[in-house]
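Before any comments, here is the structure.
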Amino acid sequence: MMEAPLYNHHSRLPSRRKTLVNFVLMAVLFSANHGCTVACLALATAQLGSVGAWQSGILYLTYTGSAVMGATLVVKQLGARNALVTGMALYCLYVACFWFATISPQQDNPTAVFLGAAIGGIGGGFLWTAHGTYFSHAAQAYCTPDAESSPEESSVLLLEDATSFFAGIFAFVYLAEEVILKLLSTLLVQVWHLSWETVFATYTLIAVSSSVGMLFLVHNYHHDDNHSGESSPSSSITSMQHTETVWYKVTAAWQLLKGGDPKMIHMVGLNAVFGFTGAFVNSFVNGQVVAQSQLGSSSYVGMLTAITAAVAAIMSLVFGQVSQRIGKGPVLIAGALCFFLVGFLFLVHPTLQTWGWTSLLTVYCLQGIGRSTFEGTLKALFADYFPQEKEGAFANIILQNGLSSAIGFFLSINLTCSKASTYCIPFENDDGKLHNVLAFELLIMISAVWAVCGYWRASILHKKNSGPELSLTTSTPLHNGYQEILGQDRVSSSDSM
């Protein structure tokens with residue numbers, strides 16, 4: 001049965017190729033803005049010490065709070081594109097606070113740095129909720145032929161294949177730009193010998209420019225606030241009856257988690273393991289291990305984190321193709337295993353001074369593989385599992401990942417111990433306080449097991465409560481969209497996936 005369009009017919013892009021090109025443009029601008037943000041986040045602890053760790057915790061705490069209280073309402077009221085612009089603008093303030101901190105050091109009075117993080121976190125909640133909605137609209141538009149489509153474009157594609165394809169494209173663009181922007185700091189400081197003030201001023205300029213571009217260059221889908229169309233059999237009737245209330249719009253993420261769809265509670269582990277591992281790498285590995293290792297300097301953090309993003313970019317394309325053949329489940333399980341190994345390697349190899357290029361590269365590559373499954377496959381799975389409440393579903397990713405990340409950053413500061421030992425070690429730039437790294441490593445490993453078990457249960461519920469694979473009219477396999485983005489609309493059946 002064909003779903004009702006999610007936007008005004010007269011504003012619909014006239015062809016599948018144009019829909020794809022518009023989506024890539026959105027991804028490029030989104031990724032430039034967010035790449036500046038995560039580049040600053042990766043440098044926070046290395047450049048600001050314990051202030052940076054607290055700042056990162058505040059960022060993720062407000063990021064989580066905005067998903068629970070308000071982000072879904074903003075997206076439903078403004079529409080996905082305009083909410084993207086709003087979130088990107090707020091992210092600019094977070095990036096700018098690093099520039100300000102280099103001009104006026106904030107160790108004694110870090111109020112401006114903390115305020116910038118709080119505002120940026122709110123913007124992140126808007127941004128990622130809006131991204132999920134825009135992603136879903138674009139994938140559906142790509143699947144749905146319109147009156148101006150060519151005969152070759154009129155074949156209807158499986159929506160689940162389209163979400164896999166779009167997720168792979170977005171993750172590749174997003175992570176490739178992150179590579180460039182993280183390498184930028186190392187290039188400017190190590191090669192061109194410029195100041196950190198120049199680095200953060202450059203990031204601020206890029207973030208602002210991309211926000212303006214999103215407003216004026218990217219297509220705006222006029223969504224139907226009722227989300228009309230086919231709903232999943234597993235969706236709550238009560239939830240659907242209250243989609244028009246302001247309270248539901250404000251708290252859609254929480255409503256969905258607490259009982260709107262029984263699958264959601266089982267998805268928490270997949271988001272939590274990424275949040276805990278990301279906090280561990282950003283706070284402990286970037287902030288402590290690199291400087292105390294045989295590398296001897298935190299100036300390599302930009303390059304190492306860029307390697308993570310590069311691996312994730314490549315693997316996101318690989319997994320985007322693989323998931324269409326073997327399903328998303330095996331890909332997500334592989335990602336959880338990689339996160340498990342990040343904690344496990346430090347468990348069995350705890351002496352930081354013995355870590356060198358090979359061991360560090362292994363950790364950053366494992367983090368990259370795991371991250372590729374989160375940025376691409378997991379978000380595609382959310383679009384498949386929760387089509388009836390897109391804003392609430394993607395806000396749950398923020399809620400679950402953001403809360404676990406905030407907890408992780410706060411634990412990195414507050415998991416202290418009293419007696420020095422193999423797993424009780426002093427942190428640099430923290431007055432020599434001893435920190436318990438064993439508990440953090442075990443937390444990552446346990447959450448990875450939780451992620452696999454949770455996915456297994458959610459997949460059973462999805463198969464039990466859903467009919468055949470979601471498609472709009474027929475079961476035509478997804479055409480090779482990489483050819484379409486290059487302008488080659490005509491794809492023969494032999495080129496189909």
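The values are calculated or read from the model by the stated rules, or taken from the named source; none is laboratory data. Just so we're clear, the structure is a prediction, and the values are computed from it rather than from any experiment. For neighbour counting, all protein chains shown are included, and Cβ atoms are generated from backbone atoms with ideal geometry for every residue, glycine included. All accessible areas refer to the heavy atoms of the entire protein, side chains included, with ligands and DNA or RNA removed. Shrake-Rupley method; radii C 1.70, N 1.55, O 1.52, S 1.80 Å.
Does any residue of segment 390-405 turn out to be touching a His at 6+ places or on another chain (Cβ under 9 Å), within 30 Å of Gly168 (Cβ to Cβ) and hydrophobic (A, V, I, L, M, F, W, C)?
Let us first name the residues in segment 390-405 that are touching a His at 6+ places or on another chain (Cβ under 9 Å), namely 390-391, 394.
Filter once more, so that each one left must be within 30 Å of Gly168 (Cβ to Cβ): 390-391, 394.
Then keep just the ones that are hydrophobic (A, V, I, L, M, F, W, C); that gives 394.
Yes, segment 390-405 contains at least one residue that is touching a His at 6+ places or on another chain (Cβ under 9 Å), within 30 Å of Gly168 (Cβ to Cβ) and hydrophobic (A, V, I, L, M, F, W, C).
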Considering residues of segment 418-433 that are open to solvent by less than 70 Å² (accessible area, probe 1.4 Å) and within 21 Å of Val281 (Cβ to Cβ) only, the residue modelled with the lowest pLDDT: Asp430
Scanning segment 271-328 residue by residue, those within 23 Å of Cys424 (Cα to Cα), surrounded by 18 or more Cβ atoms within 10 Å (Cβ to Cβ) and small (Gly, Ala, Ser) turn out to be Gly275, Gly278, Ala279, Ser283, Gly287, Ala291, Ser293, Ser298
Please enumerate the residues belonging to segment 353-393 that are open to solvent by 10 Å² or more (accessible area, probe 1.4 Å), of a type in the set (A, V, I, L, M) and modelled with pLDDT of 90 or more. Leu361, Leu366, Ile369
Does segment 105-112 include one or more residues that are touching a residue at least 12 places away in the same chain (Cβ under 8 Å), out of contact with any Leu (no Cβ under 9 Å at 6 or more places or on another chain) and open to solvent by 30 Å² or more (accessible area, probe 1.4 Å)? yes
Can you name every residue in segment 153-167 that is at pLDDT below 55 and either of a type in the set (A, V, I, L, M) or surrounded by fewer than 20 Cβ atoms within 10 Å (Cβ to Cβ) (or both)? Ser154
Can you pull out every residue in segment 188-215 that is out of contact with any Ser or Thr (no Cβ under 9 Å at 6 or more places or on another chain), open to solvent by 50 Å² or more (accessible area, probe 1.4 Å) and over 20 Å from Ile103 (Cβ atoms)? Val191, Ser209, Val212, Leu215
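Condition check: free of Cβ contacts under 8 Å to residues at least 40 places away in the same chain and either assigned to a helix (DSSP H, G or I) or touching a Lys or Arg at 6+ places or on another chain (Cβ under 8 Å) (or both). Does Val311 satisfy that? Please lay out each step first, then the result.
Details: free of Cβ contacts under 8 Å to residues at least 40 places away in the same chain: no; either assigned to a helix (DSSP H, G or I) or touching a Lys or Arg at 6+ places or on another chain (Cβ under 8 Å) (or both): yes.
It is false that Val311 is free of Cβ contacts under 8 Å to residues at least 40 places away in the same chain and either assigned to a helix (DSSP H, G or I) or touching a Lys or Arg at 6+ places or on another chain (Cβ under 8 Å) (or both).
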Only one of these is of a type outside the set (Asp, Glu), out of contact with any Leu (no Cβ under 9 Å at 6 or more places or on another chain) and at pLDDT 85 or above: Ala312, Ala272, Ala279, Ala334. Name it. Ala334
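Given the criteria part of a helix (DSSP H, G or I), free of Cβ contacts under 8 Å to residues at least 40 places away in the same chain and not small (Gly, Ala, Ser), does Val322 qualify? Show your work before the answer.
Numbers: part of a helix (DSSP H, G or I): yes; free of Cβ contacts under 8 Å to residues at least 40 places away in the same chain: yes; not small (Gly, Ala, Ser): yes.
Here the answer is yes, as Val322 does meet what is asked.
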Lone qualifier among Arg16, Arg12, Arg81 - being of a type in the set (D, E, K, R) and at pLDDT below 80: Arg12
Could you list, in sequence order, all residues of segment 437-460 that are open to solvent by 50 Å² or more (accessible area, probe 1.4 Å) and in contact with a strand residue (DSSP E or B) (Cβ under 9 Å, 6 or more places away or on another chain)? Leu438
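Here is a check on your reading of the model: is Ala67 within 27 Å of Leu257 (Cβ to Cβ), open to solvent by less than 10 Å² (accessible area, probe 1.4 Å), at pLDDT 85 or above and under 17 Å from the mean Cα position of the chain (by Cα)? Before the answer, list the steps.
On the way: within 27 Å of Leu257 (Cβ to Cβ): yes; open to solvent by less than 10 Å² (accessible area, probe 1.4 Å): yes; at pLDDT 85 or above: no; under 17 Å from the mean Cα position of the chain (by Cα): yes.
Against the criterion (within 27 Å of Leu257 (Cβ to Cβ), open to solvent by less than 10 Å² (accessible area, probe 1.4 Å), at pLDDT 85 or above and under 17 Å from the mean Cα position of the chain (by Cα)), Ala67 does not qualify.
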